[in-house]
Structures are given as C-alpha cells and as structure tokens.
Amino acid sequence: MKELWLRKGEDRRLRAGHLWVFGNEADVRKSPLGDFAPGEEALIRDARGHALGSAFVNPHSLICARIYSSRPGESLDGNLLRRRLKTALALRERCFDVPYYRLCHGEGDMLPGLVIDRFGDHLTIQIGTAGMEARKDTLREELRSLLGPTSILWDNDLASRGLEGLTRENEMEGDAPEELDVPENGCRFFAPCRSGQKTGWFYDQRRNRAEAARYARGANVLDIFSYAGGFGGTAARAGAASVAFIDASQTAVDYAVRNAARNAPRLADAGAVTGLCGDAFERMEQLYAEGRRFDLVCLDPPAFIKRRKDFEQGKAAYRKANALAVRLLEPGGVFVSCSCSHHLPAETLRGLVALAAARNNRQGRILHAGGQPEDHPVHCAMPETAYLKCFIARMDQDEPRE
Ligand code: SAH
C-alpha cells in the first residue's frame, strides 16, 4: 500500500478521531498527490512516520484522503465492507422493528461517502466519493448477500459527486416499486421512488415529526416546505383539525395531500386537507394577508446554506422564513423550526427563532430541541456529520407594552 505523509503538526485532528485529510495537510514533497489514482488506498503517516490509519485518496478533491480504518495497511475490500455494513445493520435492527431506515450514514458509520436508505427490499444508494465509487461492484455483492434487495437506485445526482470528479447520472437496477410505501410513527407514507427530481423519503425527521405531532390534537396545522407531508401527515393522524401543505413542487404537494388523507381519512372527507403549490415565502405572505392563522406551524426548509460562503445570504433566508412563519401562529401556537444546513449552528437557529418571536411580540419557550435520529449517527469526532436541528417552541402573545 502506498503511503501518504502529513506535514508536521497536521496529525492532531486525526489523532482525536477525525477521518479527513485536507490537501494542504499532506506533505506533497514526500508523497505527491498526483501519484495517487482517485480512490486509491494509502497508509497515512504523520511527519515523524507514525501510522495513523488507512484511507482512500482523491487527488482532485479538497479532502484529499478519507480514513476508513484505524488499522494501518487495511484494504477497503469485501471483508471490511461486510463488517462495516453488518455493524450498521445491527445498530438499526436494535432500534427499528421494520426494515425502513437509513442503513448507512457515511462517516457516521465509518464508510466515507456512502449513504444507503433502506425501504424494505429496495435500496437507494448515494456514493459521494471516488473511493466508494471504485468499490461499487464489491459493495453491490456484499449488499446482495447481506440483504438480497430486489432493486437498487444509484442516486447519483449529487453536487458532491462533481467535486470528486464523478458522473451525475442516476441508475436503476432490478425491479423497483413505482413508489415507496414507508411506515413511520404508526403512519404510512407514499413517496416517489424514481422520479428524476426527488427520490425517497427524509428519514432524518422521523423523531422530530413524532415530537411535533404531540401538539397536533385539535390543531389547525401548516406544514411549510412539506415535501411528501411527513410533518403534516403525522399531525393529521395525531388528531389535527385541519392540515395545509406548502411546497414549490406540485408532485410533492400531491403526495402530501394524499398522505394526509391516507393517515386521517376523516380529515380528508371533511375537506380539511389543502395543498398549496408555490414559493413558500410568497404563500406565507398571502396566508397572512388573508387572515389565516394556525395552531401548529412546521417549517423545514431545504438547505439554504450549502457552502460556507453562502452563510450570510442563507442565514437571511432562514431569518425571513422563521419571521413569516411565526406571524401565522395563533397566540399560544406551537412553532417547529428546522434546518438541515450543517453550516448553521443550532445556537444560531435558536437565535433566529428568538428574533422571529420578538419581532412578532411573542414570548417563545422551547419545548424540544432535536437533531438526527439514531440511523443518522453523528461521528463524535466529526462535527461535519451533524447537520439537522429542530426546535419546537410555544409562542405566547406578549402583553402590550404600556
Ligand atoms: N419537511 C419535509 C422535507 C422538506 S425538503 C419532510 O418532512 O419530509 C424541502 C422541500 O422544500 C422540498 O420538497 C422542495 O420542493 C421544497 N422547496 C424548496 N424551495 C422552496 C420554495 N422556495 N418554496 C416552497 N418550497 C420549496
């Protein structure tokens, strides 16, 4: 196995358990990155020659090596893949009764750049690194013998693949279902399986949806950026009086309405399920102008901050969305505010919720602070594997100031 040497002092983060080597940390005089093929294995050494683990290299990426094993000289072959997948599976089987979950969460499961969502016999797989891409055939074999899936969607339409020099064309293998049917929190949700634009289900909000639904009984609920209606559908089943969904995608809105009806037929029969397709910011303004108010408002925007340099602009979008959403709450209503942007710290999101409350003359009190569930494990040495935040807050009307 080739060796990748680090520059002096650049081993500290790795010694604390982190798994990434950045290009500027490599000693390129001793071990030129250009000598490595994308995905090639390397033994990582610090400047004094101590071995730190085994990694795969991508000379074209900002993250030039990703450690997959703390054992020096270990290959990422079928054997190791099987061990890692079995460990990941054992954790999920310990937590879930049915095979519907994220089976592998990349670095959080010690498989850098590999994400697998399991929907019974169907798997949706995202490969975000050249190292994993190079092992795709072995991975397929190991998954076949471990789980025997009937179909696999290689969901390759990821921006991160571009950074690793990989193609972005989706591929389907086997006989995939027309749509997914996902059991969650006692509900059932249909979701698109192979539509070009959006595939799958956001398992990461499972627990936050259940938390939010605790405030749903008798409530008029608004689910903003609803996708297939995970929050609103769960609330509908928990006894909401009405549910409205907002999403920019008509397909998403159609799924959301259908899912709410499926989980709360009486609500649908009473005409209390509505879908609004359009820009969420505009729709929120419109609902406010129409005098519509809600008892439970869930706000789960797409990642407004994808790269660090988008921070200020993205934060402004979160600020605006939170303020518009809180304005739609009845006094004493409950607000659910989420962010899936890794670059937005939980403390900053809490600040934006507080600001939205103050701007609308509310006293906000946090009832729940959530993050990722157990099938999206955060590697404790890698803050990069944490991204999801969810605050649930009750918003009481301030007494008017004298
Ligand atoms: N809350 C969902 C996940 C939301 S994903 C769940 O629990 O599963 C983000 C959603 O925001 C996507 O469905 C996307 O179509 C939608 N979206 C993105 N930009 C939007 C905009 N400007 N207005 C409305 N919806 C938007």
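At-a-glance table
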read-out: Between 0 and 90°, nearest 10: helix 78-95 axis offset from the chain longest Cα axis; value: 30 degrees
read-out: Förster radius 35 Å - calculated FRET efficiency between Leu355 and Leu146 (Cβ-Cβ, nearest 0.05); value: 0.15
read-out: Thr348 versus Thr167: modelled label distance in nm, points set 7 Å from Cα along the beta carbon direction; value: 3.7 nm
read-out: Solvent-accessible ranking of Lys136, Lys8, largest area first, probe 1.4 Å; value: Lys8, Lys136
read-out: Surface accessible to a 1.4 Å probe, per residue, for the residues of region 179-397, Å²; value: 41 Å²
read-out: Euclidean distance of C-alpha centroids, region 7-61 and region 283-350, integer Å; value: 40 Å
read-out: Region 166-205 residues near the modelled Gln250 label - backbone nitrogen below 18 Å, point 7 Å along Cα→Cβ; value: 192, 195-198
read-out: Point-to-point label distance, Leu62-Glu74, nm (Cα→Cβ direction, 7 Å offset); value: 2.9 nm
read-out: Placed amide H near Leu4: partners under 5 Å, 5+ positions off or other chain; value: Leu43, Ile44, Arg45
read-out: Heavy atoms of Met110: accessible area, 1.4 Å probe, square angstrom to 10; value: 50 Å²
read-out: Tilt relative to the chain, helix 250-263 - C-alpha long axis, 0 to 90 degrees, to 10; value: 70 degrees
read-out: Using a Förster distance of 22 Å, the FRET efficiency for His18-Glu312 (Cβ separation, nearest 0.05); value: 0.25
read-out: Nearest-ten-degree value, helix 280-289 long axis tilted from longest Cα axis of the chain; value: 10 degrees
read-out: Share of carbon and sulfur in the accessible heavy-atom surface of the chain [1.4 Å probe, %]; value: 48 percent
read-out: Under the Karplus curve 6.51 cos²θ - 1.76 cosθ + 1.60, θ = phi - 60°, whole-Hz ³J(HN,Hα) for region 15-24, x wherever Gly or Pro sits; value: 5, 7, x, 5, 10, 10, 10, 8, x, 6
read-out: Mean Cβ count within 10 Å, highest first, over the residues of peptides 156-163, 293-300, 80-87, 321-328; value: 293-300, 321-328, 80-87, 156-163
read-out: Whole-Hz ³J(HN,Hα) from phi, Karplus 6.51 cos²θ - 1.76 cosθ + 1.60, for region 47-56, glycine and proline x; value: 4, 8, x, 6, 6, 10, x, 10, 9, 10
read-out: In Å², nearest 10: area of Val28 left accessible to a 1.4 Å probe; value: 70 Å²
read-out: Residue-by-residue Karplus 3J(HN,Hα) for region 128-138, coefficients 6.51, -1.76, 1.60, Hz, glycine and proline x; value: x, 9, 5, x, 6, 4, 5, 10, 4, 5, 5
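The values are calculated or read from the model by the stated rules, or taken from the named source; none is laboratory data. Note that this is a predicted model, so its numbers are computed, not measured. Cβ sites come from the backbone with ideal geometry, for glycine too, and all protein chains shown count toward neighbours. Calculation scope for accessible area: heavy atoms of the full protein, side chains included, ligands and nucleic acids excluded. Shrake-Rupley method; radii C 1.70, N 1.55, O 1.52, S 1.80 Å.
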